[in-house]
Structures are given as structure tokens and as C-alpha cells.
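Just so it is clear, none of the values below were taken in a lab; they were calculated from the coordinates. Only a predicted model underlies this, so the values are computations on that prediction, with no experimental measurement involved. Please note: Cβ atoms are built from the backbone with ideal geometry, for glycine as well, and neighbour counts cover all protein chains shown.
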Amino acid sequence: MRKNRKCREELKYIHPKKPPVHMFQALVDKTGEAIGPLPQFQFKGNREVIIDGCKGILEYDDTVVRITTGRLSLRFMGRNLSLKCLSDNSAVITGRITSVEFYGSE
């Protein structure tokens, strides 16, 4: 019986229910280094999205905004969409966003 308990304790140590945050952050950092900088998105409900890492606008009208981030392109669809702000590496899209599609680069 004691041997069984020891095995369970070892399993809990090897496979914790909640891994420490620093372990997760190290994994994310290593992943980012391997595939390059990843774009980041901050949604404010379905009314606004801030995109860091935007490289350019591929398509733009009041129902579709398509952007590229280098390796990835995204299409935001909705109503009354507009580019509130556009800079060298970021964009802000406002309006009623109904869907987002991700496309990998070829």
C-alpha cells in the first residue's frame, strides 16, 4: 500500500494539475524564438481589434478588412468596418466584427 501511495505522489509531481507560470512562459518564449515574432491581437468585444505586427492592408471596405502579418494573413468580416488607426506595425479596426479568418502563408 505504501508503494502505491509513493507512485501517486510521484505522478502528481511529474504531472501537476496547474504547472507553474514560469514554465509556461518559458515554453511560449521558446516557441516564439523558433517561429519568429508572432502578431498579437487585442479584442474589445466585437467592436474593436488592435493588431500588433501588422505588415500591410490587402483588402479594405466596410464589410471586409484583410491584413497581412508576414507569415499570416487575416480577414475580418462584419458591418461598418473601418481602420481607426494604421501605423508601421499596428492597426486598429472598428465596427461590428462578425468573424475572423486566419490564413497561413504559402
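Taking the empirical scaling 2.2 N^0.38 Å for compact globular proteins as reference, the range 38-104 has a Cα radius of gyration ratio of 0.95. A simple count of charges around Glu59, restricted to other residues whose Cβ falls under 13 Å of its Cβ and scoring Lys, Arg +1 and Asp, Glu -1, yields -1.
As a proxy for reagent exposure, Ile50, Ile93 were ordered by neighbouring Cβ count within 10 angstrom, fewest first; the result is Ile50, Ile93. Site pair Arg79 and Glu48 shows an inter-label distance of 2.1 nm when each label is modelled 7 Å from Cα along Cα→Cβ.
Placing unit charges on the Cβ atoms only, positive for Lys and Arg and negative for Asp and Glu, gives the range 38-104 a dipole magnitude near 140 debye about its Cα centre.
Measuring nothing but how far apart in sequence close Cα pairs (under 8 Å, 6+ apart) lie, relative to its length, the range 38-104 scores a relative contact order of 31 percent.
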